[in-house]
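Note sheet for the following structure.
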Number of protein chains: 2
Amino acid sequence: MLSKSCVYALRSIVYIGHHATVEHKLGIKEIADELDLPVHFLSKILQRLVKHNIVQSVKGPHGGFFLNDKSKETNLLSIIDVIDGLAFFTNCGLGLKECSETHPCPLHDDFKIYRDGLYFLFSEKKISDLITKIEAGNAFIRNLPQY
Amino acid sequence: MLSKSCVYALRSIVYIGHHATVEHKLGIKEIADELDLPVHFLSKILQRLVKHNIVQSVKGPHGGFFLNDKSKETNLLSIIDVIDGLAFFTNCGLGLKECSETHPCPLHDDFKIYRDGLYFLFSEKKISDLITKIEAGNAFIRNLPQY
DNA sequence: TAAATAAAAGATATTTAGGTCTTTTATTCT
DNA sequence: AGAATAAAAGACCTAAATATCTTTTATTTA
């Protein structure tokens, strides 16, 4: 559903939001190492997010990536929009051009429930919400299950 | 969510099930023309479905594709399984390996609702159900909206 | 049984997503 | 100002999905 680029984006933003501050920015290498992602590929992804002001960055010594307060309140849909676009949430489940709300395909009404549900979920959920969950013990990088 | 191959598969099965009979089979060219799909690409897809006995085919003069009664009752999930696999319905929404039911990622519980919903939808819905809908006037190839 | 037909199978090409490497630019610190 | 640092940008490479073309096999009919 979401491309690799997109889940890499979500994971790295959450990681940056959780661990970086303006005083202590995170370098691309650090992030890629921790999340086990290809450095240069992630670099491209973060570039795009910086351009859209979803992630903040500073070049040079002690530079790196961080999130300002506003960025932490970014909803997941905005990130998906930047990386993958919103085609999934608008296109017909059977890929039919002739399918619409007024002239729905045989799958439309049923499919729409979940497609719209995901749209709602991604537009409600913010980066800060995910960070809160991680702090509460949910699975993430290095948040290993406690038995 | 579903690959092009997969929606092509679904659309062509529905079309075959709707228009072909054992007496009057449909040739690959006819199908591809009607559904506006690349002939040889569709051919490959139908081959796989024939191998899995989801579509029936006969070679030679008056040969072509059709669906037997059992095939018409195939659920959509079986088709998705053959073409795309079921990874979408089992994998974590954030692509995390460490995410599980007992140690869920920050998105898991919310995402699961829709992912499982789609799984249920696709396992309930049969080809015959879609054909019934088309006969009732739902959007499909050549089923143009009536104003 | 030979010719015609149509799917199956194989080989190859194109496009897109994913990934790597190198050079440039901005910033900091000495 | 010059060296060091780290992101940005650009060029390039690889693998997978999508698409096309050609040959083979099975079937029918004359």
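Values computed for the structure shown
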{"quantity": "The listed residue being on the phi > 0 side of the Ramachandran plot and not aliphatic (A, V, I, L, M), out of B:ASN53, B:ASN75, B:ASN68", "calculated": "B:ASN53"}
{"quantity": "Qualifying residue in region A:53-74 (condition: within 14 Å of DNA strand D (Cβ to nearest atom), hydroxyl-bearing (Ser, Thr, Tyr) and more than 30 Å from B:LYS112 (Cβ to Cβ))", "calculated": "yes"}
{"quantity": "Per-region count, region B:1-48, residues at pLDDT below 95 and among the basic types (Lys, Arg)", "calculated": "0"}
{"quantity": "Complete set of residues in region B:3-20 that are surrounded by fewer than 21 Cβ atoms within 10 Å (Cβ to Cβ) and within 14 Å of DNA strand C (Cβ to nearest atom)", "calculated": "B:SER3, B:LYS4, B:SER5, B:HIS19, B:ALA20"}
{"quantity": "Complete set of residues in region A:114-132 that are within 23 Å of A:ASP33 (Cβ to Cβ) and either facing chain B (nearest Cβ under 9 Å) or open to solvent by 30 Å² or more (accessible area, probe 1.4 Å) (or both)", "calculated": "A:LEU130, A:ILE131"}
{"quantity": "Flag if B:ARG142 is of a type in the set (Lys, Arg), surrounded by 15 or more Cβ atoms within 10 Å (Cβ to Cβ) and either touching a residue at least 24 places away in the same chain (Cβ under 8 Å) or within 24 Å of A:GLY93 (Cβ to Cβ) (or both)", "calculated": "no"}
{"quantity": "Index of the failed condition, A:TYR147 passing every other in (1) surrounded by 15 or more Cβ atoms within 10 Å (Cβ to Cβ); (2) among the hydroxyl-bearing types (Ser, Thr, Tyr); (3) within 11 Å of chain B (Cβ to nearest Cβ)", "calculated": "(1)"}
{"quantity": "Qualifying residue in region B:84-93 (condition: in contact (Cβ under 8 Å) with a residue 40 or more places away in the chain and more than 14 Å from chain A (Cβ to nearest Cβ))", "calculated": "no"}
{"quantity": "Region A:18-46, residues that are within 19 Å of A:LEU144 (Cα to Cα) and outside any loop (DSSP other than H, G, I, E, B)", "calculated": "A:HIS18, A:HIS19, A:ILE31, A:ALA32, A:ASP33, A:GLU34, A:LEU35"}
{"quantity": "B:GLY27, sole failed condition from (1) in contact (Cβ under 8 Å) with a residue 12 or more places away in the chain; (2) within 14 Å of another protein chain (Cβ to nearest Cβ); (3) within 11 Å of DNA strand C (Cβ to nearest atom); (4) not hydrophobic (A, V, I, L, M, F, W, C)", "calculated": "(2)"}
{"quantity": "Any helices (runs of 4 or more DSSP H) falling wholly within region A:51-147 and containing at least 3 residues that are small (Gly, Ala, Ser), at pLDDT below 95 and touching a Lys or Arg at 6+ places or on another chain (Cβ under 9 Å)", "calculated": "none"}
{"quantity": "Of all residues making up region B:69-83, the number that are surrounded by 12 or more Cβ atoms within 10 Å (Cβ to Cβ), of a type outside the set (A, V, I, L, M) and more than 14 Å from DNA strand C (Cβ to nearest atom)", "calculated": "6"}
{"quantity": "Leading residue by the ranking (farthest from DNA strand C (Cβ to nearest atom)) among those in region B:34-68 that are of a type in the set (A, V, I, L, M, F, W, C) and without any contact (Cβ under 8 Å) to a residue 24 or more places away in the chain", "calculated": "B:VAL39"}
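The values are calculated or read from the model by the stated rules, or taken from the named source; none is laboratory data. Predicted, not measured: the structure shown is a model, and the values here were computed from it. Note that each Cβ is placed from the backbone with ideal geometry, even for glycine, and that neighbours are counted across all protein chains shown. Just so you know, the surface numbers come from the protein's heavy atoms only, side chains and all, with ligands and any DNA or RNA stripped out. Shrake-Rupley method; radii C 1.70, N 1.55, O 1.52, S 1.80 Å.
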